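Notes for the one structure printed next.
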Amino acid sequence: MPRYELNVNGKPTTVDVQPNTLLLDVLRDHLDLTGTKYGCGEGQCGSCTVLLDGKARKSCLVAVSQVGQQPVETVEGLQRDGKLHPLQEAFLKHGAFQCGYCTPGMLMAAKALLSETPKPTRDQARRAMNGNLCRCGAYGRILDAILEAAEGGSRA
Amino acid sequence: MAAFWTRFWKRRKGARVPESPHLTDGLAQARKSAYRQETEFARELYHHHDLPLYRFSVTRRALWQALGAGFLLTVSLPLSGQQEDAVAEPSPGKRLSARFLFQADAPLRVLTGKIEMGQGARTLLSQAVAEELRLPVDALQMVMGDTALCPDDGGTWASLTSPQTVPAMRAAAAFARELLLDLAASHLGESKPALRLTATGVAGASRTVLYPELAAMAANATPPATAEVTPAAEWKTLGQSVPTLDGQAIVCGAKRYASDLKLPGMQHGWMVRGPHYNSKLAVLREGPKLPEGVGVVRDGDFLGVVAPTRELAAAAAASLRPIWRGVSLLPESRLHEEFRETAREPVAQPGARYPGLITRGDPLNAFWSSPRRLESKYSLPYIAHVPLETRSAVAEWKYGQVTIHYGCQAPFLVRQEVAEAMGIPELQVRIIAQDSGSAFGGKQRGEIAVEAARLARDAGAPVKLTWNREEEFTASYFRPAGLLEVRSGADEAGRLRAWEFHNYNSGASGIACHYDIPHAWCGYHPARSPLRQGSYRSLAAVANTFARELHMEEWADILKEDPIAFRIRHTADQRLKDVLRRGADAFGWGRAVRMAGVAQGVACNLEKDARLALFIEIQVLGAEVKLRRALMAFDAGAALNPHQLRNQIQGAVAQGIGGALFEKVDYLDTRIRNARLSRYRVPRFGDVPDVEVLLIDRREIPAAGAGEAPITVVAPAIAAAIHRASGHWLRDLPLLPALDRIVNPPPPAADGPKA
Ligand code: FES
Ligand code: FES
């Protein structure tokens, strides 16, 4: 089986898997990074969103062979030195979840949004996040949290 | 009243603890220190609970058990007052138990049969217990939905946690508090008011007595004469916006759902299903040889694969060569006819939670003698729950007993289902309900638990099975479709006097007409359904409220009256009037922006002791509907956790938008045609407006559940607004396709159905 050298959350990692294995499955089943979730397998729900070279990607649509040297960031890598990322803080503060299943994907998509548009308007954020589903319907709070992190967050 | 039964077990020192698969993981594993002791108590509890030695009273029972590291107190209460009427049909024996595990070296554990699926039960129940024990919420740990440890609360649904479990938990915790304080007072020789509970013992002025020390005295304890719950005015924890307890784990991606579990030696399962709804396995042809370590399980129509990895399982499943037979489903165009033809007459079931027939006065005569009459028909389709976490279960057999981790809503019912399917006694099945990535009524049954158990039995190893999105649609059940026929009559002055309401197939919940109409007949006709159907958030109250509220809107329109004034004129309920009036003010009712196609709509409900009204402003442009803003005025009695309540309300509105505007299961011939998210639309950021919540907190009124009621008013409020904006009455859900059929009628001679 081919071996892939990945850079996940700043750490070099190797996995032995078939080339068409999905990044989502590599993260969850092989690296035990289960924060990244499965929701649809067809790019519709955003539960599996990770950052690939800083850009938000649906990991259910990415084969491990396509990753190469691009750094992969998952929700598990958001904290720095035991400190929560401003987005995480803001999600907590606004209670921007119920069951929490969509949260990791939301955080990653929001991080990508803020790195491109550091101060989005509410409508911009709404549009940018449209690919991420929250079945519990915490949409309003998620927007509140993103806008708050945009205000105060230097690392976002 | 406050007497109890007590039983004291001496810890059997040196007694051998045989391996029991029921107890080797889960709770016991979670805490290493008290492992032995817990293992032992847990087993005893399992075999002996509800066998009291002493009987002091029949109203409340307590089990009292000493352990090396702590003790367990079980208080069992009858459901009283309003709760008794509200008991759900599946509830066992109208009692609720609370179990507390007091320890010296670990947080106080509260064991409950309720589960957490995002509705905040974990936080809310912690608040309830903490309030009565006068402890901070984080001094407690909730152990939820483990059938081997937790009392059977009858499942988590129907918004019963607030009105039913919280009061029971509070009463039980107050009882525990008084009992412990009494014991400590005599142990320490101090007066009771000087004492307080801490996480590990009872603190007096001079010293603290640890819980295990008190356990020995428990055998001869006299139960406290009274155990008052804390009055609302003195609440410190309840009524506060306590944040979700596992929020930190959630934002770090560390919260483990069933789909995230990994057991040692775990294999991966994969179900092989035919393309048809209800596929039957005709033949399994010889296929290519399977790789080492991959097994196939075939049992009748059941066909599954077990492999060391998910990729291998999927590949092996794809290499099998089954031939499936399908049966044509009743065409959708005939659905309503079928409902009517197979309908049974409604039956009154006095005392049932959702009686199928409610009548008053003489509705038939009143209708025909009314000078003004209105008849309308409403319908709604099958829709899917679409929990974001697809079902997932991990099953493991040991010594003929199976343990299943599954994020289900009703662990005890699932246990029953698995036991029946596997042909083993229920006591040999343990369900550990994992917190669920949402459920909405969809995870009450145990299909996947049965499948995982079946695969694991042959595999001889723990097996994890996770459904893909398509299976969520095809292998489970839907929210029932329904047909509703309403006719009503008013007198010359425009006052409603007759109301006849027929619900075919969708259900009885929320069928009663709460408006002041002297003659009414409301009946639910069970009928035959081509698709499997079951619970959905708020059950049939969505269907019944849609028909009732839209019908009210139609009357207001006929009478040229403001819909809010019309409703207020037809209710004596002061709280309902309040939510309508105060909500209208806060929303700016009647002051919609002046733009083409913009209009406002309203709907209200009186449900499960909650009163609520939704105000919405929309814009209709051609066949498009944009929701601009919304406000929910909500009075659910005491707001036990205002922040969470708002969250639930906003979430339910968001979910309701899907059913109102576009959700519909599409089926043709033998198949479900839209069993994936790219074909089945659910509400997204762009579909959901900001929802303001006007919370009316009435501390003096017991809390009603709020996870469900808000979803009921969404569709009628939007339909009302669409009518005011466009003049079209849309009486069939979902509304967008209905609007499209009017705005863009299909050309008369078009070939084939419109896409
Ligand atoms: S699982 Fe990748 S988008 Fe849904
Ligand atoms: S919080 Fe449950 S799906 Fe978003």
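The values are calculated or read from the model by the stated rules, or taken from the named source; none is laboratory data. Predicted model only: the values in this text are computed from it and were never measured. Note that we place each Cβ from the backbone using ideal geometry, even for glycine, and neighbour counts take in every protein chain shown. Just so you know, the surface numbers come from the protein's heavy atoms only, side chains and all, with ligands and any DNA or RNA stripped out. Shrake-Rupley method; radii C 1.70, N 1.55, O 1.52, S 1.80 Å.
Residues in the stretch B:292-306 that are in contact (Cβ under 8 Å) with a residue 24 or more places away in the chain and open to solvent by 60 Å² or more (accessible area, probe 1.4 Å): B:Asp299 alone.
One residue stands out among those in the stretch A:115-136 that are among the polar types (S, T, N, Q) and within 16 Å of ligand 2 (Cβ to nearest atom): the one that is farthest from the chain's Cα centre (by Cα), which is A:Asn130. All told, A:Thr21 meets the bar of being farther than 27 Å from A:Leu147 by Cα and open to solvent by less than 10 Å² (accessible area, probe 1.4 Å). Taking the numbered list (1) surrounded by 20 or more Cβ atoms within 10 Å (Cβ to Cβ); (2) within 16 Å of ligand 2 (Cβ to nearest atom) in turn, A:Leu6 passes all entries but (2).
Looking at A:Met129, A:Met108, just one residue is aliphatic (A, V, I, L, M), surrounded by 24 or more Cβ atoms within 10 Å (Cβ to Cβ), facing another protein chain (nearest Cβ under 10 Å) and in contact with an Asp or Glu (Cβ under 9 Å, 6 or more places away or on another chain), and that residue is A:Met108. Here B:Leu133 does not fit the description of being under 30 Å from A:Arg135 (Cβ atoms) and at pLDDT 85 or above.
Considering the stretch B:602-696, the qualifying strands (runs of 3 or more DSSP E), each wholly inside and each with 3 or more residues that are in contact with a Ser or Thr (Cβ under 9 Å, 6 or more places away or on another chain) and open to solvent by less than 30 Å² (accessible area, probe 1.4 Å), run over B:610-621.
Counting only helices (runs of 4 or more DSSP H) that fall entirely inside the stretch B:295-412 and contain at least 3 residues that are assigned by TED's automatic domain parsing to the domain that holds B:Gly423, the qualifying elements are B:310-319. Residue by residue through the stretch A:98-112, note down the ones that are out of contact with any strand residue (DSSP E or B) (no Cβ under 6 Å at 6 or more places or on another chain), within 16 Å of ligand 1 (Cβ to nearest atom) and part of a helix (DSSP H, G or I). A:Thr103, A:Pro104, A:Met106, A:Leu107, A:Ala110, listed by residue number. Would you point out which residue out of B:Ser476, B:Ser438, B:Ser488 is polar (S, T, N, Q), within 16 Å of ligand 1 (Cβ to nearest atom) and not in a helix (DSSP H, G or I)? The conditions single out B:Ser438.
Within 24 Å of B:Val251 (Cα to Cα), away from every other protein chain (no Cβ under 11 Å) and free of Cβ contacts under 8 Å to residues at least 24 places away in the same chain: is that true of A:Asp81 in this structure? Taking the combined requirement at face value, the residue satisfies it. Among residues of the stretch A:124-152 that are in the same structural domain as A:Leu113 (by TED's automatic domain parsing), those with a Cβ under 6 angstrom from a residue that is of a type in the set (Phe, Trp, Tyr) and within 16 Å of ligand 2 (Cβ to nearest atom), sequence gap 6+ or separate chain, pair up as A:Arg126/B:Phe685; A:Met129/B:Phe685; A:Asn130/B:Phe685; A:Ala138/A:Phe97; A:Tyr139/B:Phe685; A:Ala145/A:Phe91. Within the stretch B:558-581, the set of residues being open to solvent by less than 50 Å² (accessible area, probe 1.4 Å) and on the phi > 0 side of the Ramachandran plot is empty. May I ask you to verify whether A:Lys119 is part of a helix (DSSP H, G or I), among the basic types (Lys, Arg) and not assigned by TED's automatic domain parsing to the domain that holds A:Leu51? The answer is no for A:Lys119.
Residue count for the stretch A:49-68, restricted to those that are away from chain B (no Cβ under 11 Å), near ligand 1 (Cβ under 10 Å from one of its atoms) and not hydroxyl-bearing (Ser, Thr, Tyr): 4. Given the residues B:Gly727, B:Gly686, which is the only one that is more than 25 Å from the chain's Cα centre (by Cα) and closer than 22 Å to A:Gly100 by Cα? Result: B:Gly686 is the single residue among B:Gly727, B:Gly686 that is more than 25 Å from the chain's Cα centre (by Cα) and closer than 22 Å to A:Gly100 by Cα.
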